[in-house]
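The values are calculated or read from the model by the stated rules, or taken from the named source; none is laboratory data. Bear in mind the structure is a predicted one, so any value in this text is a computation, not a measurement. With ideal geometry, Cβ positions are generated from the backbone for all residues, glycine too; neighbour counts draw on all protein chains shown.
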Amino acid sequence: QKEVEQNSGPLSVPEGAIASLNCTYSDRGSQSFFWYRQYSGKSPELIMSIYSNGDKEDGRFTAQLNKASQYVSLLIRDSQPSDSATYLCAVNGDGGNAGNMLTFGGGTRLMVKP
Amino acid sequence: ETGVTQTPRHLVMGMTNKKSLKCEQHLGHNAMYWYKQSAKKPLELMFVYNFKEQTENNSVPSRFSPECPNSSHLFLHLHTLQPEDSALYLCASSHTSGIYNEQFFGPGTRLTVL
């Protein structure tokens, strides 16, 4: 059973601070990793993808991947109240021609307080 | 229309009703997915279609019946559902093959079974 674990939170940070969200996964063969943001009552929105060890930056977001330790993290710099949402970590479950089957974590709820 | 669309956005049905959910993607993708999101549970993959062929059925009860007439359209036919089937049903699409393809979600259908 492939598993993706996230702390459910809520993670509360003050406006302007760095929010750090973490995710661990069980399948050592996983090769692609995604972060989705989901506002209450809405569908998940893809915000970051990462495939290689190290950091990947996109605006205020940085994804970090460490395959040896089987964790992936998302840093949000200069957090804004509009960043308040649930962040879902997703890991590819299988490759090849069957499509990209993702396993999702339960999500971390982030609250950014003004 | 752009992206992934789903209709209806909200659906209330009795346990003896038959209804269908519709998904359409305008992204030129070849793989489409149905997910179920229940309260306090991770996103659960239900079905995967790759080039109109079902490649994954994640042990879903037969009261859920998918149909994929072409790469742009996906349906989920519902009959004799149970109250525990009440959830947000999400459709997603991606390019096919390879493990790096990102999935994009539609807005979802909020289903309530009475």
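Of note:
- Summed over the range A:24-59, residues that are farther than 16 Å from A:V4 by Cβ, in a loop (DSSP other than H, G, I, E, B) and charged (D, E, K, R) total 1.
- Of the residues A:N22, A:N53, A:N92, the single one that is within 21 Å of B:K36 (Cβ to Cβ) and of a type in the set (S, T, N, Q) is A:N92.
Results for (1) closer than 12 Å to B:K22 by Cα; (2) at pLDDT below 95; (3) more than 7 Å from every other protein chain (Cβ to nearest Cβ), shown as yes or no for each residue.
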| residue | (1), (2), (3) |
| --- | --- |
| B:L74 | yes, no, yes |
| B:L78 | yes, no, yes |
| B:N101 | no, yes, no |
| B:P107 | yes, no, no |
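- Within the range B:42-61, residues that are more than 10 Å from every other protein chain (Cβ to nearest Cβ) reach partners that are part of a loop (DSSP other than H, G, I, E, B) and surrounded by fewer than 17 Cβ atoms within 10 Å (Cβ to Cβ) with beta carbons closer than 9 Å, at six or more positions or on different chains, in the pairs B:M46/B:N58; B:F47/B:N58; B:P61/B:Q82.
- Residue satisfying all of: in the range A:8-67; free of Cβ contacts under 8 Å to residues at least 40 places away in the same chain, of a type outside the set (A, V, I, L, M) and within 11 Å of chain B (Cβ to nearest Cβ); surrounded by the fewest Cβ atoms within 10 Å (Cβ to Cβ) among these: A:G41
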